[in-house]
Amino acid sequence: MEAKSLQELMNDISEWSNLTFGDGQRNPAIVYHLKKEVDELIDALNKCNALGVDNSVGVGEFKRQLSETEMEFADCFMLLLDSAHHFSLSAEQLMDLTRRKLVINKNRKWGNPDKNGVVEHIK
């Protein structure tokens with residue numbers, strides 16, 4: 001059932017995307033847009049984190065920033081799904097690939113975080 005729901009969402013996003021931005025292969029342009037949205041998500045998360053530790057910030061401001069951050073997650077997810085759809089991946093394939101990659105990652109050795117907290121696998 002989960003793959004069917006995700007596939008319906010992918011189809012809906014791509015249908016809207018094609019009508020709005022033009023039909024046809026738009027990768028890697030979609031992924032370049034995703035990169036911009038990821039930067040916006042990082043900024044929104046940093047603002048949320050800063051507000052969460054600042055006792056002078058009102059609840060309304062934190063709630064507004066939380067909502068903005070949630071929408072940035074949605075932007076990234078939609079673009080990722082649209083790119084996968086334009087790459088001819090189905091929801092089921094995307095989920096299977098993700099599960100396979102998770103198994104690989106679980107069996108890797110991981111290093112120490114860099115200055116941004118990013119941890120890479122050891123080659």
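The values are calculated or read from the model by the stated rules, or taken from the named source; none is laboratory data. Quick caveat, the model's predicted, so the values are computed rather than measured. Reconstructed Cβ throughout: ideal geometry from the backbone, glycine too, with neighbour counts over all protein chains shown.
Numbers below:
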quantity	calculated
Tally of residues being without any contact (Cβ under 8 Å) to a residue 12 or more places away in the chain and closer than 26 Å to I13 by Cα across region 78-123	10
Filtered residues of region 36-50 (kept if under 25 Å from N11 (Cα atoms) and free of Cβ contacts under 8 Å to residues at least 12 places away in the same chain)	K36
When residues of region 51-77 are limited to those that are among the aliphatic types (A, V, I, L, M) and modelled with pLDDT of 90 or more, the one nearest to I13 (Cα to Cα)	A74
Answer from E70, E2, E15 - the residue that is of a type in the set (D, E) and in contact (Cβ under 8 Å) with a residue 40 or more places away in the chain	E2
Matching residues, region 67-96, being more than 16 Å from N27 (Cα to Cα) and under 16 Å from the mean Cα position of the chain (by Cα)	S67, E68, T69, E70, M71, E72, F73, A74, D75, A91, L94, M95
